[in-house]
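Below: one structure, written as structure tokens.
The values are calculated or read from the model by the stated rules, or taken from the named source; none is laboratory data. Bear in mind the structure is a predicted one, so any value in this text is a computation, not a measurement. Cβ atoms come from the backbone with ideal geometry, glycine included; neighbour counts cover every protein chain shown. The area values use the complete protein model at the heavy-atom level, side chains included, leaving out ligands, DNA and RNA. Shrake-Rupley method; radii C 1.70, N 1.55, O 1.52, S 1.80 Å.
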Amino acid sequence: MKEAVFRVLKLLEEAGGPISGESLSASLGITRSAVWKHVKDLREMGYEITSSQQDGYQLISASTMLLPYEIQKHLRTQVIGRQMQYLKTIPSTNDVARSLATEGDVAALHGTVIIAEEQTGGVGRLSRAWVSPQGGIWITLILKPTIPIDHVFMITMAGAVAIARAIRKEFDIGALIKWPNDVYIGDKKVAGLLLELAAESDTIHYCLLGIGIDVNIKLDTLSPELRSGVTTISEELEHEVDRAAFLARVLREFERHYQVLESGEYDAILREWKSISYTLEQHVRVNTMRNSFEGEAIDIDEYGALIVRKDNGKIERVIAGDCFHT
């Protein structure tokens, strides 16, 4: 049914003006009542379509939803995003992706993107709630990596670089990467990533890369405690943006950087991450499972660990933890 719906949409787009129901019916080999039903479905998806007995149907404006049809207009990738699953409101895109990856052929699912307009139970690092209202980009990528397991964290690094580069190229905003997995504009968070790994010994069964980007979200709709530490792209630009075109840009950037990883050019990803780092050369406070300390973030190694020169002069390698700029 959906395929037929978007065939109607394509003809409306190509017409560039009014087109009769009779013409649509003849072109598609369906009844005029079927055309009317598909137009009704498109309107429910957010497309503005007028109709009159004299002129027929006319597409006035596209949907602002993150529909695969709209994203794929801009995509131009080889693998990432060629398969998509769209859901309006779900607890978590990671849950859907995990179910698909555990029950299906992961090799065939590689590059699949799960998209939600809204998550009601999104989870971030350390099982923290991931607030995901309508207007953002909430996705999970299913990946079957061929890179060694000891470099798997670099998938998160490639994702962070891709998001920061996409923001810079699409909107000319100087986005930066904060260790370990956030993207910032100025001193406020605009995006986050979460990597979930299913592996046994040295064999990676699959990876799920969850991505959340605050795009067309009004800050005054967020809770006061969130509002103080985050920003959104629309707030920075003072107008809403085309989420479908922007997501396509993110996926293109991610595919390019992921291919670099798959070719074993880890240094290239590392250099690019460092070149747009918000954390390096900053005085930071790091909280790990074992202790907390302060010092200067001086480097990041090839495994994604943060290297900190502590205030007492000792060097600490941080594999996982929370990092705060002080």
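If you filter region 60-82 down to residues that are among the hydrophobic types (A, V, I, L, M, F, W, C) and either assigned to a loop (DSSP other than H, G, I, E, B) or open to solvent by less than 40 Å² (accessible area, probe 1.4 Å) (or both), you find that the one that is nearest to Phe254 (Cα to Cα) is Ile80.
Out of everything in region 29-63 that is touching a Leu at 6+ places or on another chain (Cβ under 7 Å) and hydrophobic (A, V, I, L, M, F, W, C), what residue ends up being farthest from Ala244 (Cα to Cα)? Steps first, please.
Going residue by residue through region 29-63, those that are touching a Leu at 6+ places or on another chain (Cβ under 7 Å) are 35, 42, 45, 47, 49, 57, 59.
Retained after the next criterion (residues that are hydrophobic (A, V, I, L, M, F, W, C)): 35, 42, 45, 49, 59.
Details: Val35: 26, Leu42: 16, Met45: 14, Ile49: 19, Leu59: 18 Å.
So, considering only residues that are touching a Leu at 6+ places or on another chain (Cβ under 7 Å) and hydrophobic (A, V, I, L, M, F, W, C), the one farthest from Ala244 (Cα to Cα) is Val35.
Only one of these is open to solvent by 60 Å² or more (accessible area, probe 1.4 Å) and without any contact (Cβ under 8 Å) to a residue 24 or more places away in the chain: Asp267, Asp311. Name it. Write out each step before concluding.
Numbers: Asp267 fails: without any contact (Cβ under 8 Å) to a residue 24 or more places away in the chain.
The unique qualifying residue is Asp311.
Do we find a residue being in contact with a strand residue (DSSP E or B) (Cβ under 8 Å, 6 or more places away or on another chain) and assigned to a loop (DSSP other than H, G, I, E, B) anywhere in region 247-264? No, region 247-264 contains no residue that is in contact with a strand residue (DSSP E or B) (Cβ under 8 Å, 6 or more places away or on another chain) and assigned to a loop (DSSP other than H, G, I, E, B). In region 83-109, the qualifying residues are those that are part of a loop (DSSP other than H, G, I, E, B) and in contact with a Gly (Cβ under 6 Å, 6 or more places away or on another chain), and the one that is farthest from Ala199 (Cα to Cα) is Pro91.
State which residue is surrounded by the most Cβ atoms within 10 Å (Cβ to Cβ) when the search covers only region 170-193 and only residues that are touching a Ser or Thr at 6+ places or on another chain (Cβ under 8 Å) and among the aliphatic types (A, V, I, L, M). Ranking the qualifying residues of region 170-193, first place goes to Ile177. Here Ile30, Ile115 are screened, and the one residue that is open to solvent by less than 50 Å² (accessible area, probe 1.4 Å) and either under 23 Å from the mean Cα position of the chain (by Cα) or under 19 Å from Ile213 (Cα atoms) (or both) is Ile115. The C-beta contact set for region 130-152 (first residue open to solvent by 10 Å² or more (accessible area, probe 1.4 Å), second residue at pLDDT below 90 and outside any loop (DSSP other than H, G, I, E, B), distance under 6 angstrom, 6+ apart or interchain) comprises Trp130/Val123. So is Ile163 among the hydrophobic types (A, V, I, L, M, F, W, C), under 30 Å from Thr102 (Cα atoms) and surrounded by fewer than 23 Cβ atoms within 10 Å (Cβ to Cβ) or not? No.
Filtering Ser263, Ser277 for residues that are modelled with pLDDT of 95 or more, more than 24 Å from Gln78 (Cβ to Cβ) and of a type in the set (S, T, N, Q) leaves a single hit, Ser277. Leu208 passes every criterion in (1) touching a Ser or Thr at 6+ places or on another chain (Cβ under 6 Å); (2) within 25 Å of Val286 (Cα to Cα) apart from (2).
If you go through region 14-25 and keep only what is among the hydrophobic types (A, V, I, L, M, F, W, C) and either under 13 Å from Thr50 (Cα atoms) or open to solvent by 80 Å² or more (accessible area, probe 1.4 Å) (or both), you end up with just Ile19. On the stretch given as region 1-59, residues that are acidic (Asp, Glu), more than 22 Å from Lys73 (Cα to Cα) and not in a loop (DSSP other than H, G, I, E, B) total 1.
Which of the residues that make up region 199-210 are part of a strand (DSSP E or B) and either open to solvent by less than 20 Å² (accessible area, probe 1.4 Å) or of a type outside the set (A, V, I, L, M, F, W, C) (or both)? Spell out how you get there, then give the answer.
Narrowing region 199-210 to residues part of a strand (DSSP E or B): 199-200, 203-210.
Glu200, Thr203, Ile204, His205, Tyr206, Cys207, Leu208, Leu209, Gly210, listed by residue number.
Picking from residues in region 8-28 that are free of Cβ contacts under 8 Å to residues at least 24 places away in the same chain and touching a Leu at 6+ places or on another chain (Cβ under 8 Å), the one that is nearest to Tyr69 (Cα to Cα) is Leu11.
Select from region 1-16 the residues that are among the basic types (Lys, Arg) and at pLDDT below 90 and list them in ascending order. Write out each step before concluding.
The first filter runs over region 1-16 and keeps only residues among the basic types (Lys, Arg), leaving 2, 7, 10.
The one that is among the basic types (Lys, Arg) and at pLDDT below 90: Lys2.
In region 302-326, the qualifying residues are those that are in contact with a strand residue (DSSP E or B) (Cβ under 7 Å, 6 or more places away or on another chain) and in a loop (DSSP other than H, G, I, E, B), and the one that is farthest from Trp273 (Cα to Cα) is Asp311.
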